[in-house]
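One structure is given here, and the rest of the page talks about it.
Just so it is clear, none of the values below were taken in a lab; they were calculated from the coordinates. For clarity, every value in this text was computed on a predicted model and none was experimentally measured. Cβ: placed from backbone, ideal geometry, glycine included. Neighbour counts: every protein chain shown.
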Amino acid sequence: MFAKHALTASMLALAVAFTALPVHAQGVPAGTKAAPRAQVVIQMSDADPAKWNLALNNARNLQTDVGAANIDVELVAYGPGIGMLKADSVVANRVEEALGAGVKVVACENTMRGQKLTRDDMLPKVDYVAAGVVELMRKQQQGWAYIRP
Amino acid sequence: MFAKHALTASMLALAVAFTALPVHAQGVPAGTKAAPRAQVVIQMSDADPAKWNLALNNARNLQTDVGAANIDVELVAYGPGIGMLKADSVVANRVEEALGAGVKVVACENTMRGQKLTRDDMLPKVDYVAAGVVELMRKQQQGWAYIRP
Amino acid sequence: MFAKHALTASMLALAVAFTALPVHAQGVPAGTKAAPRAQVVIQMSDADPAKWNLALNNARNLQTDVGAANIDVELVAYGPGIGMLKADSVVANRVEEALGAGVKVVACENTMRGQKLTRDDMLPKVDYVAAGVVELMRKQQQGWAYIRP
């Protein structure tokens, strides 16, 4: 009776050990076949509207080429780039389009404090992070790719 | 009899669990000794010839310092950076040198379509990808480092 | 007797399989909870003092938000960015502050050779690497995040 339980438990242990493989394999970088989920964080730290359009083009092209359902795209605006997400931004329409298409768009509260901006000054549907640069670090360390337009 | 099998199976399960360690360890970033193959993807998305020269310097320095045989270097030109790889590029000679030295140089077909460029407009030995920004993402998620000059 | 041992061994195997998870999870990017040590390498390759200040702001914000003891921050100056670390740098005070706060600051000896700079021309407490771009690659391939201000 015990012996049979023991055998079953052993098999379970083996199953667990093998099942764990694909989970970890996501973290193995070079020379492997398993493709992780497409995930990209885009930095926007420039005050230049031409760069804002490039960033939005990058987000759109990523979604178009991989399929919007197959990719996570997050755009992080901070420092001199924060103006991209202000209510009066010259790319307000395009930011709203990106949000509607499933791009996550976040503003840095550190930067906002420094520039005396409140959430009322920002586009309505953006999200917030305490520190944009920390968000960029965390995402990369979680396996997201990084693009700096 | 069952009991002995059970013990053997348990030992096997333990062995499997431990054997799995080195395999996964390839994905563990900090504090490990195992060095992955040197692999770098260089983004070129600026229309600025000074940046093109910096990118080519970076590629050359990477090959010089690590040894060209020990490193994969890929340069991805897209968006405003596509001009770097046009047949009339001011850095045409240097791009050809880089290609000769084993640097992979790719142009973004999305960008080319947008700028009504065909392969006939481009330097002869460059390669092509459907979308430069997707290439930059994929390489990073496969463990390549990213440099944006 | 054997049967009981077998059961114990099986349980141990299960425990090992699960215990192994956090170890590997450091390398697993998406969808996991385990956070690797916060590590960021910041590229400084521009000759622009405004960018030098942004880079130093980034370093400070990273330390403030994560806690200086919980993060490794390394700033790599090379190419046109090398001026940031010269003895007469306009941000000399801020570089010294960053060094005092535990930021590692390194200058590229390749670049220094090219610009005929010796260590006597540089700020006293900076460190040196043979090639800045190689350092940026190595750190990323060791799991560090990358920020290009």
Shielding of A:126-136 by partners, i.e. mean partner chain Cβ atoms within 10 Å per residue? 4
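Taking each residue in C:41-54, count the Cβ atoms of any other chain within 10 Å of its Cβ, then average. What number comes out?
For peptide C:41-54, the averaged partner shielding equals 2.
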Enter the mean number of other protein chain beta carbons within 10 Å of the beta carbon of each residue in C:78-88, as an integer. 1
Can you grab the distance from the C-alpha centre of segment A:35-55 to the C-alpha centre of segment C:103-145, Å, no decimals? 27
Taking residue A:102 in one copy and the same position in all the others, each labelled 7 Å out along Cα→Cβ, what are the pairwise distances from the first, in nm, shortest first? 4.0, 4.1
Could you compute the net charge surrounding residue B:50? Neighbours are other residues with a C-beta less than 13 Å from the C-beta of residue B:50; K and R count +1, D and E count -1. -2
Using the per-residue mean of other Cβ atoms lying within 10 Å as a proxy for protection, in what order, highest first, do the peptides C:38-45, B:43-50, A:129-136 fall? C:38-45, A:129-136, B:43-50
Segment C:38-79 residues near the modelled residue A:109 label - backbone nitrogen below 11 Å, point 7 Å along Cα→Cβ: none
